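Data block below; observations after.
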Amino acid sequence: MHLNLLHLGRISYAEGLRMQAEVVAARKTGTIDDTLLLLEHPPVLTLGRNASRANILATDSELARKEVEVHETKRGGDVTYHGPGQLVGYPIFDLRGDLPGKRGPHLGPVDFVRLIEEALIFTCKDFSVPAQRICKRTGVWTLAGGSIAEKKIAAIGIHVSQFVTSHGFALNVTPDLRDFELIVPCGISDRTVTSLELESPQIPLPTMAQAADSAAANFGRVFQRQVLAVETLEELLTPSTVISTEA
């Protein structure tokens with residue numbers, strides 16, 4: 001089984017939504033296989049279905065001055081920040097497919113999120129950063145130690161329509177963490193955020209390209225798929241391309 005991989009580079013949030021919608025539509029019709037989109041966004045705040053605007057701490061004028069956009073989304077979760085140095089992933093999967101842990105006609109959304117967490121925990125491990133899940137707090141967290149509480153290193157929020165997933169995760173690689181002061185990240189006020197850059201003992205420090213390669217490999221590992229890279233959205237959405245890769 002295959003997992004298509006497409007690196008989109010740094011694109012606006014609106015452009016990311018447009019391209020994601022095209023991939024979701026193709027997955028719903030069975031034109032393409034499960035797909036992972038990897039990208040970066042310019043500074044943007046996104047509000048999930050359960051978000052409270054009270055968790056945006058910056059004023060509208062502050063956001064305008066910093067050129068930070070605000071978008072409401074269909075994903076689960078509260079408010080989060082995306083920006084340069086953060087690896088964003090949109091895993092677009094049909095939950096009725098052959099997926100690890102599926103016991104009925106489809107994999108449950110919560111179980112799908114747990115698999116995303118597992119892939120990101122492996123990714124953190126690739127850079128010598130021990131990471132974990134925390135019960136009732138979706139995402140990936142560093143380990144607590146002594147007087148130091150765990151910190152959030154990756155946020156996750158998905159949407160499911162007709163069994164096909166969209167939206168996904170944001171892994172902090174080399175972002176300016178001061179930008180998270182614009183919000184109460186994911187509505188959690190008693191924990192802070194961190195990044196691979198801050199937590200990894202490796203020298204040289206992790207790069208975005210390395211993190212993207214690691215995340216793609218670990219998605220293949222966790223979801224038990226062969227990862228096949230495509231160069232462009234047009235190539236991904238061309239039916240002849242799908243036929244040739246499955247031959």
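The values are calculated or read from the model by the stated rules, or taken from the named source; none is laboratory data. Here the structure is a predicted model, which is why all the values come from computation and not from measurement. Positions of Cβ are generated from backbone atoms using ideal geometry, with glycine treated the same way; all protein chains shown enter the neighbour counts. Side chains included, ligands, DNA and RNA excluded: accessible areas come from the protein's heavy atoms. Shrake-Rupley method; radii C 1.70, N 1.55, O 1.52, S 1.80 Å.
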Report summary line: Taking segment 145-182 and the residues there that are over 16 Å from the mean Cα position of the chain (by Cα) and aliphatic (A, V, I, L, M), the one that is modelled with the lowest pLDDT would be Ile148
Requested in this report: Have a look at Lys152, Lys136, Lys125 and point out the one that is in contact with a Phe, Trp or Tyr (Cβ under 6 Å, 6 or more places away or on another chain) and of a type in the set (Lys, Arg).
Outcome: Lys152
Query raised in the report: Taking segment 134-153, which residues are part of a loop (DSSP other than H, G, I, E, B) and out of contact with any Ser or Thr (no Cβ under 7 Å at 6 or more places or on another chain)?
Result: Cys135, Lys136, Leu143, Ala144, Gly146, Ser147, Ala149
Requested in this report: Within segment 9-32, work out how many residues are part of a helix (DSSP H, G or I), touching a strand residue (DSSP E or B) at 6+ places or on another chain (Cβ under 9 Å) and not aliphatic (A, V, I, L, M).
Outcome: 6
Requested in this report: Please work out which residue is most open to solvent (accessible area, probe 1.4 Å), limiting yourself to segment 69-92 and to residues that are over 14 Å from Pro185 (Cβ atoms) and among the β-branched types (Val, Ile, Thr).
Outcome: Val70
Requested in this report: Output the residues belonging to segment 181-220 that are within 18 Å of Val44 (Cα to Cα), part of a helix (DSSP H, G or I) and in contact with a Gly (Cβ under 9 Å, 6 or more places away or on another chain).
Outcome: Cys186, Gly187
Query raised in the report: Cβ-Cβ below 7 Å, separation at least six or inter-chain, first residue in segment 222-246 and on the phi > 0 side of the Ramachandran plot, second at pLDDT 95 or above: which pairs?
Result: Gln224/Pro100
Query - Subset tally (residues that are open to solvent by 30 Å² or more (accessible area, probe 1.4 Å), assigned to a strand (DSSP E or B) and touching a helix residue (DSSP H, G or I) at 6+ places or on another chain (Cβ under 8 Å)) for segment 154-172 - result: 2
Query - Identity of the residue in segment 5-36, closer than 20 Å to Arg75 by Cβ and polar (S, T, N, Q), that ends up surrounded by the fewest Cβ atoms within 10 Å (Cβ to Cβ) - result: Ser12
Query - Number of positions in segment 64-85 that are in contact with a strand residue (DSSP E or B) (Cβ under 8 Å, 6 or more places away or on another chain), outside any strand (DSSP E or B) and under 17 Å from Ala14 (Cα atoms) - result: 6
Query raised in the report: Which of the following residues is without any contact (Cβ under 8 Å) to a residue 24 or more places away in the chain and either more than 20 Å from Trp141 (Cβ to Cβ) or open to solvent by less than 30 Å² (accessible area, probe 1.4 Å) (or both): Pro175, Pro185, Pro204?
Result: Pro204
**Report entry** Residue selected from segment 98-127 under the condition surrounded by fewer than 17 Cβ atoms within 10 Å (Cβ to Cβ) and in contact (Cβ under 8 Å) with a residue 60 or more places away in the chain, by the criterion nearest to Gln224 (Cα to Cα)
**Finding:** Pro100
Report summary line: Here the residues within segment 119-144 that are under 18 Å from Pro185 (Cβ atoms), under 15 Å from the mean Cα position of the chain (by Cα), of a type in the set (Val, Ile, Thr) and at pLDDT 95 or above are Val140
**Report entry** Flag for Ala211 being modelled with pLDDT of 95 or more and under 17 Å from Thr31 (Cα atoms)
**Finding:** no
